[in-house]
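Let me begin by presenting the structure, written as structure tokens, before commenting on it.
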There are 2 protein chains.
Amino acid sequence: MKRLSGRPAKQPTVPRRKRMSGEERKAQIVRVATDLFAREGFKGATTREIAGKAGISEAVIYKHFSRKEDLYKAIIDSRCSNPGGEPRLLSMLKGKEGREVFVIIASFLLEEHRRDSSFLRLLMYSALERQSLSELFINTRGLEFLGFLESHIQSLIKTGEMRKVDPGLAARAFIGMVEHYSIAQELYGAKRFFSRPERKVVEAFVDIFLNGMRRR
Amino acid sequence: MKRLSGRPAKQPTVPRRKRMSGEERKAQIVRVATDLFAREGFKGATTREIAGKAGISEAVIYKHFSRKEDLYKAIIDSRCSNPGGEPRLLSMLKGKEGREVFVIIASFLLEEHRRDSSFLRLLMYSALERQSLSELFINTRGLEFLGFLESHIQSLIKTGEMRKVDPGLAARAFIGMVEHYSIAQELYGAKRFFSRPERKVVEAFVDIFLNGMRRR
DNA sequence: CCTAAGTAAGTGAGTGCTTACTATACTCCG
DNA sequence: CGGAGTATAGTAAGCACTCACTTACTTAGG
């Protein structure tokens with residue numbers, strides 16, 4: 001016989017779980033979900049799996065986020081205003097000049113992506129599945145950083161250390177070499193067929209770029 | 001009253017559709033599905049949607065492909081042994097030398113991806129969702145082409161027209177600039193914030209690269 | 001040339017399972 | 001007590017995939 005709705009009286013014999021404050025729980029859900037969305041994409045990651053990994057029931061997720069989409073947005077937001085990202089790089093660059101600036105940038109990007117590819121995966125998934133959200137990424141993490149590099153190059157052109165090249169394109173050329181290599185190695189699995197020590201890669205790319213930008 | 005199974009007698013009043021031979025139909029399914037898988041990914045594209053766009057019932061798909069996965073593999077295969085891809089580029093390069101080789105390669109890639117981003121999307125989706133399949137892409141389309149460029153650069157180094165740089169890294173640097181720019185513009189939506197005429201982009205990238213590889 | 005048997009192509013209505021999301025009741029703690 | 005937090009047990013819709021059956025086309029025999 002079926003109940004119309006509601007619950008039958010239940011016996012609370014199951015071992016009870018730890019309670020958490022709302023914000024703790026929310027942060028934990030975001031953490032777990034970030035990992036899953038990065039691995040499986042928005043459509044591939046299920047609320048059930050997220051709840052399972054967090055050790056709670058699906059209903060708890062919906063106490064904190066009214067729709068799956070909202071949880072996804074929260075993740076993108078948290079990744080955009082992240083402590084671990086570009087700010088750290090920019091501080092590493094303080095006081096550095098010449099060739100070293102480019103070496104630091106290239107090493108940073110290669111290392112960061114090798115260490116944790118989830119940011120890269122989230123970015124790519126959001127570009128493919130949810131184009132509008134990927135623009136958030138672009139705006140907050142991409143453009144700020146590209147803008148820095150662009151104006152750095154611009155000033156090197158002004159002092160005559162580099163020849164006159166559209167600084168926007170030059171910056172994109174440099175980032176492109178590094179990022180594309182990183183993506184190919186980590187995500188496309190290209191490292192199965194081609195591999196060089198990270199130091200050599202950085203040296204080669206920085207060489208080609210700086211030499212390419214030198215006045216003749 | 002319900003039948004135990006089987007169909008109720010049906011009246012064939014609906015306008016009948018064209019019949020197709022098996023191979024025609026199979027090719028059509030692959031064509032329609034390519035488009036959908038490229039837009040939505042493996043998980044995002046549904047068999048129902050594919051059938052709908054092809055104007056057939058889902059069951060027909062399963063006459064030709066025993067699982068959805070098989071259809072996906074067929075698409076990857078067909079895209080790998082494609083007439084429209086690298087062979088065309090390689091023939092365009094016949095007899096060309098010097099700077100022009102690099103201009104042609106860069107223009108080709110930028111134009112190809114702008115015209116039809118579905119190959120790029122399939123590649124990226126397969127890297128994220130189905131890593132093993134993306135290696136098929138890499139092997140057939142990527143490595144062959146990279147290998148060509150690599151050995152071209154190698155020979156330029158031998159004749160002394162370029163300085164000594166790991167040719168594998170040099171080739172990846174050049175392709176990286178171009179591909180990453182293309183991906184950023186077309187897939188990340190970066191063209192909303194930054195745009196240059198294609199000719200200028202090609203010129204700048206080729207300049208930086210060739211100048212960067214010149215003997216000092 | 002006509003017709004009927006044989007078969008490839010196609011269909012509509014499922015199956016069983018999974019999904020995002022919800023309604024309701026219980027419990028712990030301030 | 002009251003409300004935040006959690007659990008149980010849903011629901012309706014959507015998914016890949018199947019089945020029993022029909023229809024269109026081909027072809028062999030008179």
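The values are calculated or read from the model by the stated rules, or taken from the named source; none is laboratory data. Remember, predicted model here, so these are calculated numbers, not experimental data. So basically every Cβ, Gly included, is an ideal-geometry build from the backbone, and we count neighbours across all protein chains shown. Accessible surface is based on the protein model in full, side chains and every heavy atom, while ligands, DNA and RNA are left aside. Shrake-Rupley method; radii C 1.70, N 1.55, O 1.52, S 1.80 Å.
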* So how far, in whole Å, is the C-alpha centre of the range A:42-60 from the one of the range B:188-215? -> 44
* Asked: Taking only Cα atoms, what is the 0 to 90° angle, nearest 10, from helix B:118-129's long axis to the longest principal axis of chain B?
  -> 80
* Place the label 7 angstrom along Cα→C-beta at A:Ser57 and in each other copy, then list the distances from the first to the rest in nm, shortest first. => 4.1
* **Sequence of A:Arg216, A:Arg130 from largest to smallest accessible area, 1.4 Å probe** => A:Arg216, A:Arg130
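Sum up the charges of everything whose Cβ sits under 10 Å from the Cβ of A:Leu128, counting Lys and Arg as +1 and Asp and Glu as -1, but leave A:Leu128 out.
Details: positive: A:Arg130, B:Arg39, B:Arg121; negative: A:Glu129, B:Glu40, B:Glu129.
Value of the local net charge: 0.
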* Asked: Can you give me the relative contact order of chain A as a percent, contacts being Cα pairs under 8 Å and 6 or more apart?
  -> 20
* On Cα atoms only, tilt of A:99-115 relative to the major axis of chain A in degrees -> 20
* Asked: Going by the alpha-carbon gyration tensor, a ≥ b ≥ c the square roots of its eigenvalues, is the range A:22-80 rounded (a/c under 1.5) or, if a/c is not under 1.5, prolate (a/b greater than b/c) versus oblate?
  -> rounded
* **Peptide A:143-152, shielding by other chains (average Cβ, 10 Å cutoff)** => 1
* Between the label point of B:Phe193 and that of the same position in each other copy, find the distances and list them shortest first in nm, with every label point placed 7 Å from Cα along the Cα-to-C-beta direction. => 3.2
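Per residue of B:165-171, how many C-beta atoms from partner chains lie within 10 Å of its own C-beta, taken as a mean? Spell out each step's value before the answer.
Values: counts 6, 5, 0, 5, 11, 5, 1.
Mean shielding by partner chains, rounded to a whole number: 5.
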* Structure fact -> Shortest first and in nm, the label-point separations between A:Glu161 and its counterparts in the other identical copies (7 Å out along Cα→Cβ) come to 3.2
* **Label-to-label distance, nm, for residues given as B:Thr46 and A:Arg216 (7 Å Cα→Cβ offset)** => 5.9
* Please work out which residue of chain A brings its Cβ closest to the axis of the rotation superposing A onto B, and round that distance to whole Å. => A:Gly212, 2
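If a/c stays under 1.5 just call it rounded; otherwise compare a/b with b/c (prolate if a/b is bigger, oblate if not). Do that for the protein assembly as shown, with a ≥ b ≥ c from the square roots of the Cα gyration tensor eigenvalues. Before the final figure, lay out the partial values.
Numbers: a/c = 2.65, a/b = 1.38, b/c = 1.92.
Cα axes put the protein assembly as shown in the oblate bin.
For chain B, compute Rh as the Kirkwood radius over C-alpha pairs and then the Stokes-Einstein diffusion coefficient at 20 °C and 1.002 mPa s; write the answer in µm²/s, rounded to an integer. Before the final figure, lay out the partial values.
Numbers: Rh = 20.3 Å.
Roughly 106 µm²/s, to the nearest whole number.
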* Structure fact -> Going through A:Lys53/A:Lys73; A:Lys200/B:Lys94; A:Lys164/A:Lys200; A:Lys73/B:Lys43; A:Lys43/B:Lys68 one by one, the pairs whose alpha carbons sit over 22 Å apart turn out to be A:Lys200/B:Lys94; A:Lys164/A:Lys200
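Only helical DSSP H runs with n ≥ 4 go in: add -39500 (n - 2.57) per run for chain A, normalise by residue count and round the 222 nm mean residue ellipticity to 500 deg cm²/dmol. Could you put the intermediate results ahead of the total?
On the way: 11 runs with 146 residues, N = 216.
Mean residue ellipticity, 222 nm, calculated: -21500 deg cm²/dmol.
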* Structure fact -> Where a ≥ b ≥ c are root eigenvalues of the Cα gyration tensor, a/c under 1.5 meaning rounded, otherwise prolate if a/b exceeds b/c and oblate otherwise, the range A:86-213 counts as oblate
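In Å² (nearest 100), what accessible area is buried between B and A, both sides summed, heavy protein atoms only, 1.4 Å probe? Let's see the in-between values first.
On the way: alone 13820 and 13830 Å², together 23080 Å².
The contact between A and B buries close to 4600 Å².
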* **On Cα atoms only, tilt of A:22-44 relative to the major axis of chain A in degrees** => 70
